[in-house]
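Peer 1: Take this structure, written in structure tokens, and hold onto it; I'll ask about it next.
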Amino acid sequence: MDKIIVKGGHPLQGEVVVSGAKNAALPILASALLADGKSVYRNVPDLADVVTMLKVLETMGCGTARLTGRNKDICEVAIEGPITPEAPYDLVKTMRASVLVLGPLVARFGRARVSMPGGCAIGARPIDQHLKGLKALGAEITLTEGYVEARAKQLKGATVNFDVITVTGTENVMMAAVLAKGRTVLENCAREPEVEELARVLNKMGARIQGAGTSVMTIEGVDSLKPVDHAILPDRIEAGTLMVAAAITGGNVLVKHAQPEHLESVILKLRETGCTITAEEKGLRVKAPKVVNSVDVKTTEHPGFPTDMQAQLMGLMTVASGTSVISESIFENRFMHVPELHRMGADITIQGHTAVVKGVKKLSGAPVMATDLRASASLVLAGLRAEGKTEVARIYHLDRGYERLERKLRKLGADIRRVKA
Ligand code: EPU
């Protein structure tokens, strides 16, 4: 298993390019199931989770390819023969987002058998809202042997009011509704840019979705969709992580392709910490002071502060002047990075869903263990600031969602490398 070794203390300088968004790529790849023929996706990040989604599609009988050389950001998914509408346990257990094939499969093939994702490191993460939406559209849902089976000859438009705001739940039901007969109204939808991006792709395929990016979407069902050629939007969480990397090292970095309109809450928080953030033609520039101010944060659904940036911001707060209160309102177990940050000298107390972080003068490098994707990122960030050597183990978590993070940071002047353990 690979490890990352970081020696801290180098202010990051220069330019870095953000890759395509993981959480847009995953539903978009699943949406290829909605049309016959070959879809072409550009700016697809080269991540373990994308490889898993392509495997899920291949297992069902789709042709998939990642191109090479200058076109290595391009993935193709082709549906040219029969499809077995099933996502097996072995794949779903490695990536719960595999459940995103459920909606497209039942809409297009009238049947889906998808392993139930279990809980994961950050919380229980049920899929009841996905199932509630599909049932409302007329799917018959049964749970047997750890699998969800959904069946429907023809889905029918309906009104669905989600009890909780769910990103992949909204996406799954949206992908089912595009081929349902008649009009579907989805209420209390997730408003994340990735949901909007999926709607953009579906509309390019011939769907009729209105209101994506707001909490109510109206979808007029169509009989069929066509394949698409689409370039995926930049990853706002990777951009935010790189911005915090600049902030925690007192650096000056241009984060290219970072989209200000998707990062408002993160930009506002980083400005409160004392960083100067300016929109330039190619992206966002972060200029950071030597020591940042502490800020309080509560994670909420978009456009609030993203839970996927909580661990990274906490890393920054460990070395801020003053005390910061960080509340996590989306997932019940998303403070797994805290005991690892303690090993580096951070002063953090957890009270329920809130962490109180007292800034310390210095962190010291230590061997630490990654527990989930964003927790891993926060440990790497802390390592960039810490005195001495930090070794981050179990970085397969990091590789699920960051494309060669260590290379990007090294280009900015960090002393960081990956070693085979
Ligand atoms: N929830 C339910 N029932 C459901 C669905 C969700 O109770 O049927 C609850 C969850 O347990 C959670 C909350 O609703 O407490 C929000 O979960 P959501 O469904 O929005 O999360 P998700 O769709 O499973 C996506 C991202 C996550 C990101 C969350 C929140 C993808 C593939 N994943 O997950 O990304 O944290 O939205 O923004 O889009 C990451 O990239 O590190 C990551 C975990």
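Peer 1: Based on what the data block shows, is Ala311 within 16 Å of the ligand (Cβ to nearest atom), of a type in the set (Gly, Ala, Ser) and within 30 Å of Ser215 (Cβ to Cβ)?
Peer 2: Considered against the rule, which asks whether it is within 16 Å of the ligand (Cβ to nearest atom), of a type in the set (Gly, Ala, Ser) and within 30 Å of Ser215 (Cβ to Cβ), Ala311 comes out as yes.
Peer 1: Can you tell me which residues in the range 29-56 are of a type in the set (Val, Ile, Thr) and outside any helix (DSSP H, G or I)?
Peer 2: Val40, Val44
Peer 1: Going through the range 120-136 one residue at a time, which ones are more than 9 Å from the ligand (Cβ to nearest atom) and free of Cβ contacts under 8 Å to residues at least 40 places away in the same chain?
Peer 2: Lys135, Ala136
Peer 1: Then there is this: Only residues that are surrounded by 24 or more Cβ atoms within 10 Å (Cβ to Cβ) and away from the ligand (no atom under 16 Å from the Cβ): list them for the range 150-176, please.
Peer 2: Leu155
Peer 1: Quick check on this structure: which one of Val286, Val357, Val291, Val338 is in a helix (DSSP H, G or I), away from the ligand (no atom under 16 Å from the Cβ), β-branched (Val, Ile, Thr) and modelled with pLDDT of 95 or more?
Peer 2: Answer to the selection: Val338.
Peer 1: Quick check, is Gly345 away from the ligand (no atom under 16 Å from the Cβ) and in a loop (DSSP other than H, G, I, E, B)?
Peer 2: When the stated conditions are applied, Gly345 passes them.
Peer 1: While we're here: Among residues belonging to the range 190-247 that are hydroxyl-bearing (Ser, Thr, Tyr) and not in a helix (DSSP H, G or I), point out the one that is farthest from the chain's Cα centre (by Cα).
Peer 2: Ser224
Peer 1: Any chance you could count how many residues in the range 177-197 are more than 16 Å from the ligand (Cβ to nearest atom), free of Cβ contacts under 8 Å to residues at least 40 places away in the same chain and of a type outside the set (A, V, I, L, M)?
Peer 2: Within the range 177-197, residues that are more than 16 Å from the ligand (Cβ to nearest atom), free of Cβ contacts under 8 Å to residues at least 40 places away in the same chain and of a type outside the set (A, V, I, L, M) number 2.
Peer 1: Considering only the range 11-20, state which residues are within 17 Å of Pro234 (Cα to Cα) and either assigned to a helix (DSSP H, G or I) or in contact with a Lys or Arg (Cβ under 7 Å, 6 or more places away or on another chain) (or both).
Peer 2: Within the range 11-20, Glu15, Val16, Val17, Val18 meet the criteria.
Peer 1: Restricting the range 360-373 to residues that are modelled with pLDDT of 95 or more and assigned to a loop (DSSP other than H, G, I, E, B), which is farthest from the ligand (Cβ to nearest atom)?
Peer 2: Only one residue fits best here, namely Lys361.
Peer 1: Further question on the same structure: For residues that are of a type outside the set (Val, Ile, Thr), away from the ligand (no atom under 13 Å from the Cβ) and touching a Pro at 6+ places or on another chain (Cβ under 9 Å), tally how many sit in the range 198-232.
Peer 2: Qualifying residue count for the region: 2.
Peer 1: If Ala78 passes every condition in (1) in a loop (DSSP other than H, G, I, E, B); (2) more than 16 Å from the ligand (Cβ to nearest atom); (3) closer than 26 Å to Ala207 by Cβ; (4) not polar (S, T, N, Q) but one, which one does it miss?
Peer 2: (1)
Peer 1: Return the pairs, sorted by first residue and then second, in which the second residue is surrounded by 18 or more Cβ atoms within 10 Å (Cβ to Cβ) and hydroxyl-bearing (Ser, Thr, Tyr), the first residue lies in the range 140-168 and is on the phi > 0 side of the Ramachandran plot, the beta carbons are less than 7 Å apart, and the residues are 6+ apart or on different chains.
Peer 2: Gly146/Ser115
Peer 1: Also: Restricting attention to the range 374-421, report how many residues are in a helix (DSSP H, G or I), within 16 Å of the ligand (Cβ to nearest atom) and not charged (D, E, K, R).
Peer 2: Of the residues in the range 374-421, 12 are in a helix (DSSP H, G or I), within 16 Å of the ligand (Cβ to nearest atom) and not charged (D, E, K, R).
The values are calculated or read from the model by the stated rules, or taken from the named source; none is laboratory data. The model shown is predicted, which means the values in this text are computed figures rather than measured ones. Note: ideal-geometry Cβ built from the backbone for every residue, glycine included; neighbour counts use all protein chains shown.
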